[in-house]
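Data block below; observations after.
The values are calculated or read from the model by the stated rules, or taken from the named source; none is laboratory data. Predicted, not measured: the structure shown is a model, and the values here were computed from it. Neighbour counts run over all protein chains shown; Cβ positions are idealised from the backbone, glycine included.
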Amino acid sequence: MGPVEEAVRSDVEQLGDLAGVEPSLSEVAFALARSIDTATSGECQTCGEAVAGPEDRTLPQLTRELRLTLAQLLEGRAADDDDDLGDLGSPD
């Protein structure tokens, strides 16, 4: 397991129990992170053999997709915020 996948797995683990589409999104995030690790290291993260990874220009696309996937995972969590003081700025 490469450093990006390790970090993503740690972040997802901190979310606690996953519900709804969160398990699927987390698996997508893991796969993207694994692809990023493979692209940056040039070797298979499972067996260590050299692989023909994606060209350098695909790395920004992979990282963008990972960022968006993680944001979507967190988006559902923001609605569960129990902050009673979050609306202090509104006059109602």
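When the stretch 8-21 is filtered for residues that are surrounded by 13 or more Cβ atoms within 10 Å (Cβ to Cβ) and either modelled with pLDDT of 95 or more or β-branched (V, I, T) (or both), the ones remaining, listed by number, are V8, R9, D11, V12. The residues on offer are T63, T40, and the sole one that is surrounded by fewer than 18 Cβ atoms within 10 Å (Cβ to Cβ), polar (S, T, N, Q), part of a helix (DSSP H, G or I) and more than 11 Å from the chain's Cα centre (by Cα) is T40. Of all the residues in the stretch 28-78, those that are at pLDDT below 75 and polar (S, T, N, Q) number 2. Look at the stretch 1-23 and say how many of its residues are free of Cβ contacts under 8 Å to residues at least 40 places away in the same chain, over 15 Å from L66 (Cβ atoms) and assigned to a helix (DSSP H, G or I). Of the residues in that region, 3 qualify.
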